[in-house]
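Just below is one structure, and these are the notes that go with it.
Read the figures in this text as sums done on the coordinates, not as results from a lab. Model, not experiment: these values are computed from the prediction. A quick note on method: Cβ atoms are made from the backbone with ideal geometry, for glycine too, and the neighbour counts reach across all protein chains shown.
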Amino acid sequence: MGERVKFEIEGQIGIATLSRPEKLNALDTKTRLELKEVVEEAEKSVRVLVITGSGKAFAAGADINELLQRDPIKALEATKLGTELFSRIEELEIPVIAAVNGYALGGGCELAMACDIRIASEKAKFGQPEINLAIIPGAGGTQKLPRLVGLGMAKRLVLTGEIIDAQTALRIGLIDEIVEHERLMEKAMEIAGKIVEKSPLAVKIAKKALNASLGMPLREGLRYEASLFSLLFASEDAKEGMRAFLEKRKPEFKGR
Ligand code: COA
């Protein structure tokens, strides 16, 4: 932690900043390992994590210098590291917001897709340009992009390597909102702040239920939701939330 990924805490919100701007925050092994440490630390110490990049990129993908050195075995190990890191982010017990400040290409786009909420600066650009290197996305691009933007648009992006602007990303559902460049972090902190006010238990369980939705048949998903829903009635926070509403006051959640 430290050199390639900066981690700061503001209140109960963590901010991870990819900090290798001279290489457009290309995700080399060192960066991935540092990011893994940061997300694990964030899970223990904050209630929401915001991930952003320094300079003109969010992350311009895997480090192509490293890619060139790989044989199939090393490539498999590396993609495992990337995929596991992104799955860890997806399954983190706290919500993760991607504040996409610039290029989110290849692994950078996959990193953004691993986050729960994606907002982007008007300067952001997205794409899966691996095909230009005669490879394909290796950390979720071919699997997660179709789930977010539909198979047709995912095929177009992965097969052409086209880079799209923030407006297009918004139109196809890859991001949730475009923000003025200078206001990007302010907006990310505002969204994070809304989540911090909620019961951390309910937030954690809601994320779990939502994550399960795409991997389960609907009937099974509905049963899973029902069991998580009823579980929350054991929490003090749920009673507090309901009481506070009826007593017309702000709830005080304790996370139990
Ligand atoms: N891996 C390693 N280095 C990278 C990189 C990557 N994915 N992306 C950018 N860099 C490096 C460049 O080599 C350059 O280094 P240098 O100054 O030592 O020559 C530096 O970052 C700045 O990039 P540059 O290409 O000069 O910036 P640009 O503004 O002209 O172009 C991009 C920006 C994003 C269009 C271009 O850098 C690019 O296409 N990057 C690769 C994207 C990609 O294919 N990602 C998927 C990898 S699987």
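Couplings 3J(HN,Hα) for the stretch 105-120, derived from phi with the Karplus relation 6.51 cos²θ - 1.76 cosθ + 1.60 (θ = phi - 60°), are 10, x, x, x, 5, 5, 5, 4, 5, 6, 7, 7, 10, 10, 10, 9 Hz, where x marks Gly and Pro. Among beta bridges from DSSP that stay inside the stretch 1-146, the antiparallel ones total about 25%.
Tell me the net charge near Ala244. Cut-off is 13 Å between Cβ atoms, Ala244 excluded, with +1 for each Lys or Arg and -1 for each Asp or Glu. Walk me through the numbers on the way to the answer.
Details: positive: Lys198, Lys239, Arg243, Lys248, Arg249, Lys250, Lys254; negative: Glu197, Glu236, Asp237, Glu240, Glu247, Glu252.
Summing Lys and Arg as +1 and Asp and Glu as -1 gives +1.
Of all DSSP-defined beta bridges confined to the chain, some 25% are antiparallel rather than parallel.
Please arrange Ser227, Ser54 by how many other C-beta atoms lie within 10 Å of their C-beta, fewest to most.
Details: Ser227 10, Ser54 17.
By the 10 Å Cβ count, ascending, the order reads Ser227, Ser54.
Using a cut-off of 28 Å between Cα atoms, the listed pairs Lys80/Lys254; Lys80/Lys207; Lys80/Lys123; Lys155/Lys187; Lys204/Lys250; Lys194/Lys248 include Lys80/Lys254; Lys80/Lys123; Lys155/Lys187 as exceeding that distance. Between Lys44 and Glu197, the distance separating the two model label sites (each 7 Å from Cα on the Cα→Cβ line) works out to 3.1 nm.
Segment His181..Glu10, full-extension length gain: 59.5 nm, with 0.36 nm per residue of separation and the alpha-carbon distance subtracted.
Could you sort 106-119, 67-80, 17-30, 156-169 so that the peptide with the highest average Cβ count within 10 Å comes first and the rest follow in order? Don't jump to the answer; show the numbers that get you there.
On the way: 106-119: 26.1, 67-80: 12.5, 17-30: 20.0, 156-169: 17.1.
Packing order, densest peptide first, comes out as 106-119, 17-30, 156-169, 67-80.
3J(HN,Hα) along the stretch 15-23: 10, 9, 10, 5, 10, 9, x, 5, 10 Hz, from the Karplus curve 6.51 cos²θ - 1.76 cosθ + 1.60 with θ = phi - 60°, whole Hz, x for Gly and Pro.
Measuring between their Cα centroids, the stretch 123-187 and the stretch 212-256 lie 33 Å from each other. Simple spin-label estimate for Arg219 and Arg171 gives 4.1 nm between the two label positions (7 Å along the Cα-to-Cβ direction from each Cα).
Using the count of nearby Cβ atoms within 10 Å as a rough guide to exposure, how do Lys144, Lys6 rank from fewest to most? Could you put the intermediate results ahead of the total?
Working: Lys144 20, Lys6 16.
In increasing order of surrounding Cβ atoms, one gets Lys6, Lys144.
Estimated from helices alone, the mean residue ellipticity of the chain at 222 nm is -15000 deg cm²/dmol (sum of -39500 (n - 2.57) over DSSP H runs with n ≥ 4, per residue).
What's the local net charge at Phe126, with K and R +1, D and E -1, over the other residues with C-beta under 12 Å away?
Charge balance in the 12 Å sphere: +1.
For the peptides 243-249, 174-180, 87-93, the ranking by mean Cβ contacts within 10 Å, running from highest to lowest, is 174-180, 87-93, 243-249.
Contour minus end-to-end for Lys74 and Leu148, with contour as 0.36 nm per residue of separation and end-to-end as the Cα-Cα distance?
On the way: separation 74, 0.36 × 74 = 26.64 nm, distance 2.92 nm.
Here the segment from Lys74 to Leu148 would lengthen by 23.7 nm.
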